[in-house]
Amino acid sequence: MSATGMQLTGFDPDEFLRDYWQKKPLLIRNAFAQWSNPLEPDELAGLSLEAHVESRLIFGESHALVMENGPLAADRFDALGRDPWTLLVQAVDHHVPAVADLLAPFRFIPNWRVDDVMVSFATTGGGVGPHFDNYDVFLVQGLGTRRWQLGQWCDDDTALRPHDGLKLLAEFNSEQNWLLEPGDILYVPPGLAHDGTAQSDDCMTYSIGFRAPSRGELIDGFASRLADGQREDDRFGDPDLQRQINPGEIAPAALDRLHAMLTEQLQDRTAFARWFAEYATERKHAHIDWRPEHALSMDRIAELLQSGCDVIRNPASRFAFVMESPGTILLAVDGRTVSVASALHDFVQDLCASDHVMISASNDVSPELCALIETLHNDGAIGVGQHGDFG
């Protein structure tokens with residue numbers, strides 16, 4: 001699909017964020033300037049056969065759905081016959097560049113919120129049942145047609161059917177009903193019940209999901225990081241201890257001191273920013289390994305930069321930056337961070353914003369830029385080549 005085709009038509013990101021994001025659903029008809037399905041069904045089926053790709057097959061009657069985890073056998077689909085079924089494949093954007101391109105129109109949402117692009121293929125009547133998600137999702141119809149029903153708002157107290165692998169709603173109250181055709185998009189906010197059913201035998205849907213850490217995940221992750229760095233001799237002390245009327249009481253003064261021991265470091269925003277940048281960029285699929293068989297030398301990198309080159313991000317790598325101070329950026333890549341001096345700020349910000357950065361030819365190549373590119377390339381986070389090498 002062309003760059004023009006990737007643009008959303010008749011869509012105002014600011015209006016969307018103000019009126020719809022995490023508030024209410026939105027149906028966008030004929031969302032793209034031109035739509036061309038970026039992945040063939042056979043290619044999706046091929047991915048589900050791979051051991052390193054997360055996939056699921058769902059089949060059976062709507063009241064008794066069965067889920068089978070991949071990798072699937074090559075003849076598995078033939079054995080399904082004419083009964084409705086659905087194939088779900090996670091993180092297809094990490095494997096297929098044309099699917100990764102689907103993320104481009106949604107870059108008005110911070111990159112660290114992006115989870116992945118899940119792709120589903122279903123035959124007529126196929127679906128995963130009524131459910132709700134704890135994250136935002138854009139459902140892009142690729143091939144065929146799918147009917148979406150939207151229902152009630154849900155939370156952790158909402159009753160679910162007993163099922164080992166699927167979180168299906170015990171009750172679903174359909175309140176809105178839309179038929180999506182190729183190029184249509186449906187935005188569903190977190191907590192809203194929805195149920196999609198394929199209306200054709202060639203139904204492909206691209207689910208662009210956005211992650212949101214829970215309070216529990218933040219507490220557990222940051223507290224664990226802080227705990228790992230504590231000294232064994234940093235302990236509670238009470239040199240001003242006085243006799244208590246009742247020795248069985250944990251006195252208010254002791255609780256205040258204990259609480260302060262816990263909360264003082266939790267309030268260190270600088271430490272939290274570094275930890276969260278690492279947490280938010282941890283790779284979900286480490287098997288997509290771009291580490292070169294032979295590492296590039298600093299001299300070779302300098303030659304490439306001087307002649308002009310392209311830098312391409314590994315689609316499985318996550319990049320983000322945090323402004324540490326007016327003169328320093330904290331670059332986070334795949335769960336690791338490094339402080340970057342001001343001379344590299346433009347390059348770092350471009351690299352975090354775009355999957356592809358073009359570096360113009362120049363004789364003035366800094367050792368700092370060479371060193372950063374060397375580290376990222378030899379760690380497998382980026383590819384570096386002359387203009388045109390990446391097609």
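The values are calculated or read from the model by the stated rules, or taken from the named source; none is laboratory data. Quick caveat: nothing in here was measured; it's all calculated off a predicted structure. Virtual Cβ from ideal backbone geometry, glycine too; neighbours counted across all protein chains shown.
Points to keep in mind about this one:
- Yes/no for D364 being assigned to a loop (DSSP other than H, G, I, E, B) and free of Cβ contacts under 8 Å to residues at least 12 places away in the same chain: yes
- Some residue of the range 212-222 being under 30 Å from N37 (Cα atoms) and either surrounded by fewer than 11 Cβ atoms within 10 Å (Cβ to Cβ) or not acidic (D, E) (or both): yes
- Restricting the range 279-333 to residues that are in contact with an Asp or Glu (Cβ under 7 Å, 6 or more places away or on another chain) and polar (S, T, N, Q), the residue that is farthest from R215 (Cα to Cα) is S317.
- Of residues in the range 157-181 being assigned to a strand (DSSP E or B) and of a type in the set (A, V, I, L, M, F, W, C), the one nearest to N30 (Cα to Cα): L180
- Answer residue from the range 301-322, given it is out of contact with any helix residue (DSSP H, G or I) (no Cβ under 9 Å at 6 or more places or on another chain) and in a helix (DSSP H, G or I) and is surrounded by the fewest Cβ atoms within 10 Å (Cβ to Cβ) among those: S307
- Qualifying residues in the range 45-67 (those that are touching a helix residue (DSSP H, G or I) at 6+ places or on another chain (Cβ under 7 Å) and closer than 17 Å to T123 by Cβ) - the one modelled with the lowest pLDDT: F59
- Condition check for L39: farther than 18 Å from H163 by Cα and either touching a Leu at 6+ places or on another chain (Cβ under 6 Å) or without any contact (Cβ under 8 Å) to a residue 60 or more places away in the chain (or both): no
- Looking only at the range 1-57, and only at residues there that are polar (S, T, N, Q) and at positive phi, the one that is nearest to the chain's Cα centre (by Cα): Q22
- Of all residues in the range 129-156, those being over 18 Å from P189 (Cα atoms) and part of a loop (DSSP other than H, G, I, E, B) number 2.
- Of all residue pairs spaced 6 or more apart or on separate chains, none has beta-carbon atoms under 9 Å together with a first member in the range 132-155 that is free of Cβ contacts under 8 Å to residues at least 24 places away in the same chain and a second member that is surrounded by fewer than 18 Cβ atoms within 10 Å (Cβ to Cβ).
- Those residues of the range 87-132 which are within 26 Å of Q34 (Cβ to Cβ), under 12 Å from the mean Cα position of the chain (by Cα) and charged (D, E, K, R), in sequence order: D93, D116
- Residue within the range 278-298 that is farther than 20 Å from D115 by Cβ, in contact with a strand residue (DSSP E or B) (Cβ under 9 Å, 6 or more places away or on another chain), not hydrophobic (A, V, I, L, M, F, W, C) and not in a loop (DSSP other than H, G, I, E, B) present: no
- Residue ID - farthest from S62 (Cα to Cα), chosen from residues in the range 191-249 that are among the polar types (S, T, N, Q) and part of a loop (DSSP other than H, G, I, E, B): Q242
- Strands (runs of 3 or more DSSP E) (entirely within the range 1-107) containing at least 2 residues that are surrounded by 18 or more Cβ atoms within 10 Å (Cβ to Cβ): 55-59, 85-89
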